[in-house]
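Enquirer: First the structure, which I've put down as structure tokens, then a few questions once you've had a look.
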Amino acid sequence: MERMKNRGWLLAGVVAMTMVVTACGAQNSAGTTSGGSDAGKVKKIGIIQIMDHPALNAARDGFIQALADAGYKEGEKVTFDRQNAQNDQSVAKTIADKFVRDKDDLILAVATPSAQAVYNATKTIPIVFTAVTDPVKAGLVQSLDHPGTNVTGTSDAVPIGEQLKLIQQILPHAKNVGFLYNPGEPNSVVQLDQAKQVAPQFGFNLIPQPVSGLNDVKVATAQLTGKVDAIYVPTDNTVVSAIATVVATAKEKKIPVFGSEEGQVQQGALITKGIDYKKLGYQAGQLAVKILSGADPKTLPVETAKNLGVVVNLKTAQDLGITIPDSLLQDAKKIQ
């Protein structure tokens, strides 16, 4: 009899436990009780940039600012693992593998080589890129409107025609335009192809000058100065990292350097109609917020810079004896 009573109490306990679990499950499915495995979880975001230079740093900072503005404060709701590949693709691969092992919730990839490294490492962790010129040709997404992969982000594709138009407006008699680039960077090859297509519209003879690394930049620039009326610098990570050298070498021969983004002008290039990389990174951060809130990157279109502006270095213009037309100066951001 006692054994029957004990069995009765045991059965009652099991039923009671089942009712509690069922009730909790009902609350979770109704969304009234968090209780999920991600409740209160601090998100881990890996950040990889291919190298250190002002444009890429600004994009990274803009990304972090966008998350902070959306409530993802560092150390509270999110942690960042900041890594720099120092322009070494093998290092980029090692960093990407680390993020995968750490099971990061999201990865920010700054520049094309970084994005390729992390995409090669994972097809499941959401990846947001910024400062990638052509993500389709880089093999990151199927199309800009419909990425179709675990990748989306913001492209720094610049209107090459607008840049060459600046050269024509400021140097109406220019014929030969140099193009400094690293052929090992897919983003730069894309821009060169675009420049070749557009240059004849302005009557320019485009003279490409390849560089294989930072140590080649000064020599390559010097080789161009005897052949060209102006030098254009695309959003090439190698060349931009040595933009001060490009500007100084070209200035010796009174050759103006036209940039593709504001950071280059701040370091002495004459002018650009280009991208604010901090704003571009901010846009990428807004995409990341959507993903952290449940959006699927494969359905989030790749974005380009929303606002392009003219930036002119007045000191460089004065040093080179170049007059900037009032039509350009009127609305330009001026660097003294």
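Enquirer: Out of Phe129, Phe80, report the one residue that is in contact with a Gly (Cβ under 9 Å, 6 or more places away or on another chain), part of a strand (DSSP E or B) and either at pLDDT below 95 or under 15 Å from Lys278 (Cα atoms) (or both). Steps first, answer last, please.
Expert: On the way: Phe80 fails: either at pLDDT below 95 or under 15 Å from Lys278 (Cα atoms) (or both).
One residue alone meets the criteria, Phe129.
Enquirer: Based on what the data block shows, is Val239 in contact with a Phe, Trp or Tyr (Cβ under 7 Å, 6 or more places away or on another chain), among the β-branched types (Val, Ile, Thr) and either modelled with pLDDT of 95 or more or closer than 30 Å to Ile45 by Cα (or both)?
Expert: Taking the combined requirement at face value, the residue satisfies it.
Enquirer: What is the one condition in (1) under 30 Å from Gly259 (Cα atoms); (2) at pLDDT 95 or above; (3) open to solvent by 60 Å² or more (accessible area, probe 1.4 Å) that Asn57 does not satisfy?
Expert: (3)
Enquirer: Related question: Checking the condition open to solvent by less than 50 Å² (accessible area, probe 1.4 Å), among the aliphatic types (A, V, I, L, M) and closer than 21 Å to Gln89 by Cβ, which residue from Val228, Val177, Val158, Val211 passes?
Expert: On the way: Val228 fails: closer than 21 Å to Gln89 by Cβ; Val177 fails: closer than 21 Å to Gln89 by Cβ; Val158 fails: closer than 21 Å to Gln89 by Cβ.
None of the other options fit; the residue is Val211.
Enquirer: All but one of (1) assigned to a loop (DSSP other than H, G, I, E, B); (2) modelled with pLDDT of 50 or more; (3) over 18 Å from Asp104 (Cβ atoms) hold for Tyr72; which doesn't?
Expert: Unmet for Tyr72, out of (1) assigned to a loop (DSSP other than H, G, I, E, B); (2) modelled with pLDDT of 50 or more; (3) over 18 Å from Asp104 (Cβ atoms): (3).
Enquirer: Go through region 127-147 and give me each residue that's open to solvent by 30 Å² or more (accessible area, probe 1.4 Å) and either touching a residue at least 40 places away in the same chain (Cβ under 8 Å) or closer than 16 Å to Leu106 by Cβ (or both).
Expert: Listed by number, the residues that qualify are Asp134, Lys137, Leu144, Asp145, His146.
Enquirer: What's the total number of residues in region 106-125 that are in a loop (DSSP other than H, G, I, E, B) and either closer than 17 Å to Asn237 by Cβ or open to solvent by less than 30 Å² (accessible area, probe 1.4 Å) (or both)?
Expert: Restricting attention to region 106-125, the residues satisfying the condition of being in a loop (DSSP other than H, G, I, E, B) are 111, 122-125.
Right, trim to either closer than 17 Å to Asn237 by Cβ or open to solvent by less than 30 Å² (accessible area, probe 1.4 Å) (or both) and you get 111, 122, 125.
Of the residues in region 106-125, 3 are in a loop (DSSP other than H, G, I, E, B) and either closer than 17 Å to Asn237 by Cβ or open to solvent by less than 30 Å² (accessible area, probe 1.4 Å) (or both).
Enquirer: Evaluate the following for Thr152: is it of a type in the set (Ser, Thr, Tyr), in contact with a Ser or Thr (Cβ under 7 Å, 6 or more places away or on another chain), touching a residue at least 40 places away in the same chain (Cβ under 8 Å) and crowded, with 24+ Cβ neighbours inside 10 Å? Give the steps one after another, and end with the answer.
Expert: Values: of a type in the set (Ser, Thr, Tyr): yes; in contact with a Ser or Thr (Cβ under 7 Å, 6 or more places away or on another chain): no; touching a residue at least 40 places away in the same chain (Cβ under 8 Å): yes; crowded, with 24+ Cβ neighbours inside 10 Å: yes.
Here the answer is no, as Thr152 does not meet what is asked.
Enquirer: Something else: Restricting attention to region 91-114, report how many residues are among the β-branched types (Val, Ile, Thr) and in contact with a helix residue (DSSP H, G or I) (Cβ under 6 Å, 6 or more places away or on another chain).
Expert: Narrowing region 91-114 to residues among the β-branched types (Val, Ile, Thr): 91, 94-95, 100, 107, 110, 112.
Okay, now just the ones that are also in contact with a helix residue (DSSP H, G or I) (Cβ under 6 Å, 6 or more places away or on another chain), so 100, 107, 110, 112.
So the answer is 4.
Enquirer: Taking the options Asp104, Asp97, name whichever one is modelled with pLDDT of 95 or more and touching an Asp or Glu at 6+ places or on another chain (Cβ under 8 Å).
Expert: Values: Asp97 fails: touching an Asp or Glu at 6+ places or on another chain (Cβ under 8 Å).
Being modelled with pLDDT of 95 or more and touching an Asp or Glu at 6+ places or on another chain (Cβ under 8 Å) holds for just one of Asp104, Asp97, which is Asp104.
Enquirer: Also, I was wondering about something else. Show me the strands (runs of 3 or more DSSP E) found entirely inside region 236-336 where at least 3 residues are without any contact (Cβ under 8 Å) to a residue 60 or more places away in the chain.
Expert: Values: elements: 271-274, 309-313, 333-335.
Here the list reads 309-313.
Enquirer: Mind telling me which of the residues Ile335, Ile291, Ile322 ends up being over 16 Å from the mean Cα position of the chain (by Cα) and open to solvent by less than 20 Å² (accessible area, probe 1.4 Å)? Reasoning before the result, please.
Expert: Numbers: Ile335 fails: open to solvent by less than 20 Å² (accessible area, probe 1.4 Å); Ile322 fails: open to solvent by less than 20 Å² (accessible area, probe 1.4 Å).
Only one candidate qualifies: Ile291.
The values are calculated or read from the model by the stated rules, or taken from the named source; none is laboratory data. Not measured: the values here are computed from a predicted model. Because the Cβ atoms are built from the backbone with ideal geometry, glycine has one as well, and the counts that use them run over all protein chains shown. The accessibility values were calculated without ligands, DNA or RNA, using every heavy atom of the protein model including side chains. Shrake-Rupley method; radii C 1.70, N 1.55, O 1.52, S 1.80 Å.
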